[in-house]
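S.K.: Got a structure for you, written out below as structure tokens; questions coming shortly.
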Amino acid sequence: MIMHRTDQGATIRALKSAAPYIRMYKGKTFVVKAGGGVFGSAALTHSLIEQISILHYMGVRVVMVHGGGPQVTEVSEAMGVRSQMLQGRRVTDEKSIEVTAMVLSGLINTRILAICRDLNVQAIGISGVDAGLVQAHRRPPARLEGSGEVVDYGLVGDIDRIDTGAIRNLLENGYLPVISPLSSDEHGTLLNINADTVAAAIGAALGAEKLILCTGAPGILERLEDPGSLISYTDLEGLQRLREAGSLTDGMLPKVRAIENAIKGGVRRVHVVSYSSPEGILGEVFTNEGTGTLIVDDIDALPANET
């Protein structure tokens with residue numbers, strides 16, 4: 001048998017290009033949030049966790065927060081529990097919170113841990129309830145943006161404080177924390193909290209270098225119906241203009257609020273990338289061109305090599 005070497009040039013060039021970013025981010029903390037849509041496909045889920053594992057191997061201190069909205073809806077319907085969404089947020093009654101706990105802290109969290117085991121990543125699954133990680137209170141009835149209608153979201157929580165002790169202990173010992181956003185109040189009442197909101201709060205509490213939101217869209221779009229209108233980078237002022245123009249609706253609204261809270265809380269960079277892309281995270285982090293949308297506090301203060 002005669003064998004020939006493959007061209008190694010492309011691989012070597014890619015490694016050289018990535019080296020400055022590896023040096024820059026080694027030892028830094030990234031919070032990666034994965035939307036529930038990705039868990040509908042075993043292949044996409046594995047690809048996403050594989051990218052996260054590479055960050056972990058390269059010395060980035062990765063914290064993963066996951067959602068699971070589609071799976072909660074699917075299981076709710078199978079159990080005869082009605083689901084209701086208002087402006088991207090789920091109304092949660094006592095039956096719904098049971099399904100939410102079962103799906104988020106059980107099915108999805110465990111599935112992620114199993115893939116991490118396959119990839120030889122030491123991951124630990126926890127929720128916002130564990131060690132008082134996410135301390136919250138039940139959200140009071142609130143008026144919907146635009147309509148003015150008063151809505152009681154039920155067993156939905158607003159965050160009071162993040163206790164990062166458990167996360168820091170896991171990171172210091174080389175573990176990758178995988179976090180379900182389920183939380184509770186001080187009396188132990190379970191509360192459902194949007195995963196984007198939890199990821200942003202954890203990112204701010206940890207002083208994370210990056211918050212990476214993995215979504216079904218390629219990033220933030222200027223025109224919802226046009227995937228080609230991807231915005232490569234913007235700032236908080238730009239997000240406000242998009243909101244006023246009607247470009248941000250439904251499920252994107254909680255994400256935008258989370259982005260704003262993360263940056264105001266001290267997260268240096270927020271990225272919105274596609275979980276469908278096999279290089280969504282890595283291409284965004286380790287190349288100048290990126291793959292999704294980068295959001296910063298002020299675009300005018302962004303270094304030239306990041307624009």
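The values are calculated or read from the model by the stated rules, or taken from the named source; none is laboratory data. Source: prediction; values computed, not measured. We place every Cβ from the backbone using ideal geometry, glycine too, and count neighbours over all the protein chains shown. Just the protein is used for accessible areas: all its heavy atoms, side chains included, with ligands, DNA and RNA removed. Shrake-Rupley method; radii C 1.70, N 1.55, O 1.52, S 1.80 Å.
S.K.: How many percent of the accessible area of the chain is carbon or sulfur, using a 1.4 Å probe? Walk me through the numbers on the way to the answer.
M.R.: On the way: 7490 of 14710 Å².
Answer for the chain is 51 percent, counting heavy atoms of protein chains only.
S.K.: Okay, next question. In Å, what Rg and Dmax follow from the Cα atoms of region 38-165?
M.R.: 16.8, 50
S.K.: Let me ask you something else. Which net charge results when you count Lys and Arg as +1 and Asp and Glu as -1 among the other residues whose beta-carbon is under 11 Å from that of residue 184?
M.R.: With Lys, Arg at +1 and Asp, Glu at -1, the neighbours total -2.
S.K.: Compute the distance in nm between two label points, each set 7 Å from the Cα along the Cα-to-Cβ direction, one at residue 150 and one at residue 77.
M.R.: Reported label-point gap for residue 150 and residue 77 is 3.3 nm.
S.K.: May I ask you to give the solvent-accessible area per residue for region 1-127, in square angstrom, as obtained with a 1.4 angstrom probe?
M.R.: 54
S.K.: Tell me, what HN-Hα J-couplings in whole Hz come from the Karplus equation 6.51 cos²θ - 1.76 cosθ + 1.60 at θ = phi - 60° for each residue of region 203-219, using x for Gly and Pro?
M.R.: Values, residue by residue: x, 5, 5, 8, x, 5, 5, 9, 10, 10, 9, 9, 10, x, 8, x, x Hz.
S.K.: Let me ask another. As a check on your grasp of the helix formula, calculate [θ] at 222 nm for the chain: sum -39500 (n - 2.57) over DSSP H runs of n ≥ 4, divide by the residue count, round to the nearest 500.
M.R.: Numbers: 10 runs with 110 residues, N = 307.
It lands at -11000 deg cm²/dmol.
S.K.: Residue by residue, what Karplus-based ³J(HN,Hα) values in Hz, rounded to whole numbers, does region 23-37 have, using 6.51, -1.76 and 1.60 with θ = phi - 60° and x for Gly and Pro?
M.R.: Taking θ as phi minus 60°, the curve returns 4, 5, 9, 4, x, 7, 9, 10, 9, 10, 10, 10, x, x, x Hz for region 23-37.
S.K.: Ok, one more. Using only Cα atoms, find the angle between the long axis of helix 69-78 and the longest principal axis of the chain, and express it within 0 to 90 degrees, rounded to the nearest 10.
M.R.: Computed tilt is about 50 degrees.
S.K.: Might you report the magnitude of the Cβ-based charge dipole of the chain about its Cα centre, with Lys and Arg at +1 and Asp and Glu at -1, to the nearest 20 debye?
M.R.: Value, rounded to 20: 820 debye.
S.K.: Also, quick follow-up: Counting only DSSP beta bridges with both residues in region 90-189, what percent are antiparallel, rounded to the nearest 5?
M.R.: If we restrict to bridges inside region 90-189, about 50 percent are antiparallel.
S.K.: Moving on. Strictly over 32 Å apart at the Cα level, which of 16/210; 26/264; 26/95 would you flag in this model?
M.R.: Working: 16/210 22 Å; 26/264 24 Å; 26/95 43 Å.
Cα-Cα > 32 Å for 26/95; rest within.
S.K.: Just subtract the alpha-carbon distance of residue 164 and residue 114 from 0.36 nm times their residue separation and send over the number in nm, one decimal.
M.R.: On the way: separation 50, 0.36 × 50 = 18.00 nm, distance 2.43 nm.
Full-extension gain reported as 15.6 nm.
S.K.: Go ahead and run the numbers for FRET between residue 298 and residue 186, Cβ-Cβ distance against an R0 of 41 Å, rounding to 0.05.
M.R.: Given R0 = 41 Å and the Cβ-Cβ separation, E is 0.65.
S.K.: Sticking with this structure for a sec: Going by a ≥ b ≥ c, the root eigenvalues of the Cα gyration tensor, does region 167-216 fall in the rounded group (a/c under 1.5), the prolate group (a/b larger than b/c) or the oblate group?
M.R.: It is oblate, given that a/c is not under 1.5 and a/b is not larger than b/c.
S.K.: Expressed as an acute angle from 0 to 90° and rounded to the nearest 10, what is the orientation of the C-alpha long axis of helix 252-264 relative to the principal long axis of the chain?
M.R.: 70
S.K.: Additional query: Find, among the GluC sites (Glu not before Pro) in region 162-210, those assigned to loop by DSSP (not H, G, I, E, B) with at most 16 other beta-carbon atoms within 10 angstrom.
M.R.: Here the sparse-neighbourhood loop sites are 186.
S.K.: Next up: Compute the orientation-averaged projected area for the chain from the convex hull of its Cα atoms and round it to one decimal in nm². Please list the in-between numbers first.
M.R.: Details: hull surface 73.5 nm².
Its Cα hull, projected and averaged over all orientations, spans 18.4 nm².
S.K.: Considering the chain as a Gaussian network with a 10 Å cut-off on Cα pairs, which listed residue, 66, 271, 46, attains the greatest mean-square fluctuation?
M.R.: Per the Cα network of the chain with a 10 Å cutoff, 46 tops the list.
S.K.: Compute the FRET efficiency between residue 102 and residue 268 as 1/(1 + (r/R0)^6), taking r as their Cβ-Cβ distance and R0 = 30 Å, and round to the nearest 0.05.
M.R.: Computed FRET efficiency for residue 102 and residue 268 comes out at 0.25.
S.K.: Please report the orientation-averaged projected area of region 204-307, defined via the convex hull of its C-alpha atoms, in nm².
M.R.: Details: hull surface 25.4 nm².
Convex hull of Cα atoms, orientation-averaged projection: 6.3 nm².
S.K.: Right, next: How large is the accessible surface per residue of region 164-224, computed with a 1.4 Å probe and reported in Å² as a whole number?
M.R.: 33
S.K.: From the phi of every residue in region 229-238, what ³J(HN,Hα) in whole Hz does the Karplus formula 6.51 cos²θ - 1.76 cosθ + 1.60 yield, where θ is phi - 60° and glycine or proline is x?
M.R.: 8, 4, 8, 6, 7, 7, 10, 4, 5, x
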